[in-house]
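The values are calculated or read from the model by the stated rules, or taken from the named source; none is laboratory data. Predicted model only: the values in this text are computed from it and were never measured. Cβ sites come from the backbone with ideal geometry, for glycine too, and all protein chains shown count toward neighbours. In case anyone asks, the SASA skips ligands and DNA or RNA and just uses the protein heavy atoms, side chains included. Shrake-Rupley method; radii C 1.70, N 1.55, O 1.52, S 1.80 Å.
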Amino acid sequence: MTQLNSKVPTGPVPLMWSNYKATCKLVNPANKRKLDIIVVGTGLAGASAAASLAELGYNVKIFCYQDSPRRAHSIAAQGGINAAKNYQNDGDSVYRLFVDTIKGGDYRARESNVYRLAEVSNAIIDQCVAQGVPFAREYGGLLDNRSFGGAQVSRTFYARGQTGQQLLLGAYSALSRQIAKGTVTLYNRRDMLDVVLVDGKARGIIVRNLITGEIEKYFGHAVVLGTGGYGNAYYLSTNAMGSNASPIWKAYKKGAFFANPCFTQIHPTCIPVHGDYQSKLTLMSESLRNDGRIWVPKKLEDAEKCRNKQLKANDIPEEDRDYYLERRYPAFGNLVPRDVASRAAKERCDAGYGVGSGFAVYLDFADSIKRLGRETIEARYGNLFQMYEKIVNENGYESPMMIYPAVHYTMGGIWVDYNLMTSIPGLYALGECNFSDHGANRLGASALMQGLADGYFVLPYTIADYLAGEIHTKRIPTDTAEFNEAEKNAKNTVEKLKAIKGKQSVDVFHKKLGKIMWEYCGMGRNEEGLKKALELIPQLKKEFWQDLKLPGGTDEFNPEIEKAGRVADFIELSELIVRDGLNRRESCGGHFREEMQTEEGEAKRDDENFAYVAAWEYKGENAEPELHKEQLEFKEIKLATRNYK
Amino acid sequence: MDLTLKIWRQKNAKTKGEFVTYQISGISPDCSFLEMLDQMNEKLIRENDEPVDFRKCPVSFDHDCREGICGMCGLFINGRPHGPDEAITTCQLHMRKFKDGDTIVIEPWRSRAFPIIKDLLVDRSAFDKIIQAGGYVNVNTGGVPDANSILIKKNNAELAMDAAACIGCGACVAACANASAMLFVSAKVSQLALLPQGKVESKERVQKMVRTMDKLGFGNCSNTYACEFECPKSVNRSNIARMNLEFIIAKTCTEKETVRIAGV
């Protein structure tokens, strides 16, 4: 099949994007009007892309499964967005943001893409401010910054603990403006079921209207996916209930390569699991690590007393507390990257020092409250403390919060070239659903940056490179053989699911899948466990297709049908995640192979054998996928062991 | 906890709805309200084989992020939007707010502008239409000034953020006896009127958004402030006052400008 061509421009890395923009193909305004673009997903990536493309003159159709584009899960991002503005005069620059992101990703991302991301980061802040995003300000009226994990400069812009919400509402307002102008048509409450290929190019999608149950067909000269990550494969995650991988999984089955699926991020500061009925985990922003200190009891017996509620955190004297991040990583302390912080928490809990249920550590604000006063802490994180109290029924100002890592973000995703085009011509992937910028671990406040970079400032240029060749392609009617075939397949899948008439609900299967994934492909992975998962997942798949119980009709609003289709895809995707994890016999970023660690328990990378992007190609229902390797070249940055000590 | 649930069931927009009573037991006080409904739905699936009456099918309700920010969930619980707690969304409401043996009445938002789709699900696209009418700053991507070239008084930024915290859930409309959308609309009008970026078009914006709000069937404000009380993000009623002021200014200024154009 196709050779992987990343289409990275030639020349020095820092000049690539300017050179690209100076020489890329353009589509003239008269022709843009004749071109239709489908965008799936209304998060930061999808909404910003749709708005920007429509402003340029293209006809855009945008789809989301929620009732409104403003609900997309980008809205839940709390802490902030990075940019290399250097407003703080603390030594920041585009180059430093680039280096931090590559290093934070444990040297498994493409230099060219990451440099471009750092380069456009400043324009994002300008754009959002122009839209009226109420970022935090200093008294003089200038923008305020905070620091975040994996960086020694303060480059994070924020709007209280609701930065994602404000940025998304900014993109949503830009999108709404285009909807009002008629340049974007919104299709809400639609689930994408398939991508339609005509002569090898992406030309449309099949969706299910969630209100009527009807299967609908839509044409586009190009199709853009901004459908988010696949963290819900683990059942319990910080993702929204509806976050799903079906669009990218269907794209994969149609020929788009899936890259580095095993790179999943476990976020260190989440509210711990508290019961079997639990449907999701809630994240507490990483920004809390700016002022909160993480610790567990130094003595095993104290930890046990904490678990039995015989001892309160506040009763443990200073000398009996183990601030393990500060102890192990004095240079970065509580602000080490997420993967490092998560593993360190797991290490302490596995060794018996966990509190709460045994799977929790303390996040303590007492020192900061003493130093800065409760008011300051309240102004910085008030909404997070309130959220914590509503869920846990405890006051985080008075006694330390309890936190534990949870599945949060997926660095892996659909493979894309420098243009953000997948291995299917005309099919693009933006934001979290692609694999492109975060390597094996994403730094805090970089997801918002990437989503908006892709949508506002990258795709509007790179899509022209493809569409310039499509100006003679007439709109294809949706009753051609290709569309009808895809429609038939989608209908059959729904009917097949309905016809199983088994005994177990979708949620039961989803929970079972989550348990397998968390157990064998979570924070620590090893060959034996991964192989075990490779046996268990196909068994679960078989059970699912034999014993699923799906109540209600197919021609009405029926969330059980939506969930069933998504879980069917999660089961298949999980197998690929595990397969990729098994293949990658090194520890890097969020992927920690227990066999590959240093004596101090740090991740041991293997650059000689694994400095590549693993791009998997679908080979059919019962065939093993084929691995393609995109070798990563490091021209600007020297490969080094990550050191946060 | 053992509970009796009286839930509004309605097959679709065209049929008539009714309250149906369900019993559920063994609910943990630490679980969220929606997790309680999940367990009830799971029970309905487990206990009923096809063909079943739709009242024995899982109850449909809107929800997504389950951390109080997406604004998708919204149930009218025991006569209150988002139930018996302050500054909270339905997904953040926990069962510890109820007592063992309680009867809980669960309804959808009730407003002409939010028609029922099914069970507890309503169509809130009217809110999107109001934003489309002018809830934005007219700027295209690119070509904007450096972010720090626009100075904004800290206090104004804070007030704008207070207003911008609105999650568009519709609790304000559900709480209002007139089903008025004033708090929602005024939050967006205020956010943009407080910032220099939005000031340029503030007069046109407020008029367009108010006109659209009226057209979509929302009622008038009679200053009872149930909206503020029930708002999960505590959006302040002073935004309504600010919108009224903006509206009056817009009206008078537009008239003056018209007069000037007419040469009088």
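Overview of results
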quantity: Counted charge near A:Gln88, where neighbours are those whose Cβ lies closer than 13 Å (Asp, Glu -1; Lys, Arg +1); calculated: 0
quantity: FRET efficiency, B:Lys6 to B:Asn223 (Cβ-Cβ, R0 41 Å, nearest 0.05); calculated: 0.80
quantity: Selection from A:Ala490, A:Asn583, A:Asn526, by position along the positive dipole direction of region A:486-607 (Cβ); calculated: A:Ala490
quantity: Pairwise FRET efficiency - A:Lys7 versus A:Glu633, Cβ, R0 = 22 Å, nearest 0.05; calculated: 0.95
quantity: Chain A, helix-only ellipticity at 222 nm - DSSP H runs n ≥ 4, -39,500 (n - 2.57), divided by all residues, nearest 500; calculated: -11500 deg cm²/dmol
quantity: Dipole moment magnitude, nearest 20 debye, the protein assembly as shown about Cα centre, only Lys, Arg, Asp, Glu C-beta charged; calculated: 2200
quantity: Whole-number accessible area per residue in Å² for region B:3-118, which is evaluated in the context of all protein chains at 1.4 Å; calculated: 40
quantity: Shape category assigned to region B:125-262 from the gyration tensor of Cα positions, a/c cut at 1.5; calculated: oblate
quantity: 12 Å beta-carbon shell around B:Pro84, net charge (K/R +1, D/E -1); calculated: 0
quantity: Using a Förster distance of 45 Å, the FRET efficiency for A:Glu214-A:Glu375 (Cβ separation, nearest 0.05); calculated: 0.25
quantity: Region A:520-578-region A:235-275 distance, computed between alpha-carbon centres (Å); calculated: 12
quantity: Residue list for region A:95-110, given a label point 7 angstrom along the Cα-to-Cβ vector of A:Asp606 and an amide N cut-off under 20 Å; calculated: A:106-109
quantity: Shielded residues, region A:390-404 - accessible-area loss of 10 Å² or more between chain alone and all protein chains, probe 1.4 Å; calculated: A:Lys390, A:Ile391, A:Asn393
quantity: Where region A:486-607 is the region considered: accessible area per residue in Å², 1.4 Å probe; calculated: 41
quantity: Whole-percent carbon and sulfur share, accessible surface of chain B, 1.4 Å; calculated: 52
quantity: Where region A:196-241 is the region considered: accessible area per residue in Å², 1.4 Å probe; calculated: 21
quantity: Furthest towards positive pole of dipole, B:Ser238, A:Leu168, B:Ile45, structure part the protein assembly as shown, Cβ charges; calculated: B:Ser238
quantity: Test item: Cα-centred dipole of region A:486-607, Lys/Arg +1 and Asp/Glu -1 on Cβ, debye; calculated: 640
quantity: Dipole of region A:539-631 [Lys/Arg +1, Asp/Glu -1 at C-beta], most positive-end residue of A:Leu540, A:Gly552, A:Ala614; calculated: A:Gly552
quantity: Sulfur and carbon atoms: percent of accessible area, region A:270-427 [1.4 Å]; calculated: 48
quantity: Within region A:169-204: backbone nitrogen closer than 11 Å to the A:Glu485 label point (7 Å, Cα to C-beta); calculated: A:197-200
quantity: Chains B and A, summed buried accessible surface - 1.4 Å probe, Å², nearest 100; calculated: 6400
quantity: Percent carbon-and-sulfur accessible area, region A:486-607, ignoring ligands, DNA and RNA, probe 1.4 Å; calculated: 48
quantity: Total charge dipole magnitude, region B:3-118, about the Cα centre, Cβ charges on Lys, Arg, Asp, Glu only, Debye to nearest 20; calculated: 580
quantity: Shape category assigned to the protein assembly as shown from the gyration tensor of Cα positions, a/c cut at 1.5; calculated: rounded
quantity: Positive minus negative residues near A:Gln597 (Lys, Arg vs Asp, Glu; Cβ under 15 Å); calculated: -2
